[in-house]
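Read the figures in this text as sums done on the coordinates, not as results from a lab. Worth saying up front: this structure is predicted, and the values here are computed from it rather than measured. Positions of Cβ are generated from backbone atoms using ideal geometry, with glycine treated the same way; all protein chains shown enter the neighbour counts.
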Amino acid sequence: QVQLQESGGGLVQAGGSLRLRCLVSPYWGGGPTMAWFRQAPGKEREAVASIMTIGGQTYYADFVKGRFTISQDGAENTLQMNDLTLDDTAMYYCAAARQLIYTLGGESDYDYWGQGTQVTVSS
C-alpha cells in the first residue's frame, strides 16, 4: 500500500556532503512523521533525524552535531548531510509513522520503511 523509496547514497570523501531523498507513494500515505535511521555492519539500527510534517518540528541524534538537516516538501523528504566522517558509513533507511511522535522515536514507532540507500565515507 505505502512505498518509501530512498535515493542519493553513494561514495564520498570525509568532509564532503550528500543529500538523501525519500519519496512517499501514494502521496500522502506515509503519515505525519518522517524519519531517517541508519545501520552499520555489526551495529544496531539507530535513529538519525525525524520531522513532524504537520508542524515542522525536527529532532536529531547527538552524533549529528549540527551537521545534518531534515526537511519535508510534499511527498519528498530530504536529509542533507554535511561534514561527513568515516563513522557515518552505514545503510540509511527512510521511515514513516502514521502518528505524530514528538521525539526521534525507535524502530517500533514507525509503520513503513524503505529498502535503504548505502552511504560510504572514505578517507
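Derived scalar couplings between HN and Hα for the range 52-66 equal 8, 5, 6, x, x, 5, 10, 9, 9, 5, 4, 5, 5, 6, x Hz in order, rounded to whole Hz, by the Karplus curve 6.51 cos²θ - 1.76 cosθ + 1.60 (θ = phi - 60°), x for Gly and Pro. Taking 7 Å steps out from each Cα toward its Cβ at Ser122 and Arg67 produces label points 1.8 nm apart. The chymotrypsin sites (Phe, Trp or Tyr not before Pro) found in the range 9-60 that occupy coil by DSSP, while having at most 16 further C-beta atoms within 10 Å, are Tyr27, Trp28. In order along the range 96-107, the phi-based Karplus estimate (6.51 cos²θ - 1.76 cosθ + 1.60, θ = phi - 60°) of 3J(HN,Hα) comes to 9, 10, 7, 10, 6, 10, 6, 9, 4, x, x, 3 Hz; Gly and Pro are listed as x. If you wrap the tightest convex hull around every Cα atom of the range 79-123 and split its volume per residue, you get 95 Å³. Treating the Cα atoms of the chain as identical point scatterers in vacuum, please give the log10 of the normalised Debye intensity I(q)/I(0) at q = 0.15, 0.18, 0.19, 0.20 Å⁻¹, two decimals. Each listed q corresponds, in turn, to -0.59, -0.86, -0.96, -1.07. For the range 1-99, trypsin sites (Lys or Arg not before Pro) meeting the loop criterion (DSSP other than H, G, I, E, B) and having at most 11 other Cβ atoms within 10 Å: Lys43, Lys65.
Between Thr89 and Val121, the built amide H atoms are under 5 Å apart, and every one of these is 5 or more places off in sequence or on another chain. With the convex hull of its Cα atoms as the shape, the range 48-111 has an orientation-averaged projected area of 4.6 nm².
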